[in-house]
Protein chains: 2
Amino acid sequence: MPVLMELSRVLVSDLDDQQAMYLREVGGLRMFPILIGPFEAQAINRQLLEEEPFRPMTHQLLKNVIAALGGVIVEVMITEMKDHTYFAVLKVRTGETVHDVDCRPSDAIAMAVHYSPPLPIFVAEQVLNELG
Amino acid sequence: MPVLMELSRVLVSDLDDQQAMYLREVGGLRMFPILIGPFEAQAINRQLLEEEPFRPMTHQLLKNVIAALGGVIVEVMITEMKDHTYFAVLKVRTGETVHDVDCRPSDAIAMAVHYSPPLPIFVAEQVLNELG
């Protein structure tokens, strides 16, 4: 069963290019970090701080394109971890069909926080188990 | 009449956060630069250098989402310049309908070069005229 998580915090370092976002189990104790790039960290933080850019940034564009095509992201999910890399999907619905679109966790979480309320963030149970 | 242009080059500076892309008229002499951010410059350059990232970056994700929803970008267009800011649209077709989705020129060009051959890049005649 996928586990519902929430974005707990984003750690931004000016010293290097690796930032981290922490996901925490909703109603539980499990939490883990995922390393992400500086652009993605900025994109997430901007949303958390409710900073409205003058022009649509790339994740906002993705949101607008999905809306224009009559789609909707129903949730995002971190599906597996392989060779130290996390894999994720956007679950995009049009009509009766839900498409799983492969993405990086940072893009998944950036998309989740571009909606209000944020989209549900799920993590596959196996990913949490492997973290031990 | 919109004018068909092509991406001539991207200037990347390590000294500051402003990079520039140059658009050149196809079969003509007109050329102009647009200042863009470092992330967008990287996204464009990566495509020009045919570097295939291990995981889909954000513009590739946008391309994959559009494909999953049965859409296609037919062209991108820089539509106007206002208060020193260029405005652009992605022209996204589904079925018989073409949606103009508002975006920054850097995202428009990044999307154009994510296709092979690159998508047509148009600039509104008025934008070129205003550049004198």
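The values are calculated or read from the model by the stated rules, or taken from the named source; none is laboratory data. Everything numeric here is computed off the predicted structure, so don't read it as measured data. Every residue, glycine among them, receives a Cβ derived from its backbone with ideal geometry; neighbour counts consider all protein chains shown.
Annotations for the structure displayed:
- Of the set (1) acidic (Asp, Glu); (2) touching a strand residue (DSSP E or B) at 6+ places or on another chain (Cβ under 8 Å); (3) on the phi > 0 side of the Ramachandran plot, all apply to B:Glu50 but (2).
- Filter result for A:Arg9 (part of a strand (DSSP E or B) and among the basic types (Lys, Arg)): yes
- Filtered residues of the stretch A:78-93 (kept if crowded, with 16+ Cβ neighbours inside 10 Å and not aromatic (Phe, Trp, Tyr)): A:Ile78, A:Thr79, A:Met81, A:Ala88, A:Val89, A:Leu90, A:Lys91, A:Val92, A:Arg93
- The stretch A:25-41: number of residues that are more than 16 Å from A:Ala88 (Cα to Cα), in contact with a Phe, Trp or Tyr (Cβ under 9 Å, 6 or more places away or on another chain) and surrounded by fewer than 19 Cβ atoms within 10 Å (Cβ to Cβ): 2
- Count of the stretch A:1-26 residues which are among the β-branched types (Val, Ile, Thr) and within 20 Å of A:Ala43 (Cβ to Cβ): 2
- Scanning the stretch B:34-57 for residues that are within 11 Å of another protein chain (Cβ to nearest Cβ) and small (Gly, Ala, Ser) returns B:Gly37, B:Ala43.
- Here B:Val65 clears all of (1) more than 10 Å from chain A (Cβ to nearest Cβ); (2) crowded, with 22+ Cβ neighbours inside 10 Å except the condition numbered (1).
- Residues in the stretch B:17-26 that are outside any strand (DSSP E or B) and touching a helix residue (DSSP H, G or I) at 6+ places or on another chain (Cβ under 9 Å): B:Asp17, B:Gln18.
- Residue pairs meeting the criteria (Cβ under 8 Å; at least 6 apart or on separate chains; first under 18 Å from A:Val98 (Cα atoms) and free of Cβ contacts under 8 Å to residues at least 40 places away in the same chain, in the stretch B:68-82; second part of a strand (DSSP E or B) and of a type outside the set (A, V, I, L, M)): B:Ala68/A:His99; B:Leu69/A:Thr94; B:Leu69/A:His99; B:Leu69/B:Thr94; B:Gly70/A:Thr94; B:Gly70/B:Thr94; B:Gly71/B:Arg93; B:Gly71/B:Thr94
- Failed condition for B:Val74, given (1) at the interface with chain A (Cβ under 10 Å from one of its Cβ atoms); (2) of a type outside the set (D, E, K, R); (3) more than 12 Å from the chain's Cα centre (by Cα): (1)
- Residue selected from the stretch A:94-132 under the condition charged (D, E, K, R) and in contact (Cβ under 8 Å) with a residue 40 or more places away in the chain, by the criterion surrounded by the most Cβ atoms within 10 Å (Cβ to Cβ): A:Asp107
- Scanning the stretch B:77-117 for residues that are β-branched (Val, Ile, Thr), more than 9 Å from chain A (Cβ to nearest Cβ) and under 23 Å from B:Phe32 (Cβ atoms) returns B:Ile78, B:Thr79, B:Val89, B:Ile109, B:Val113.
- Note on the stretch A:27-132: enclosed strands (runs of 3 or more DSSP E) holding 2 or more residues that are of a type in the set (D, E, K, R) and modelled with pLDDT of 95 or more are A:72-82, A:85-94, A:97-103.
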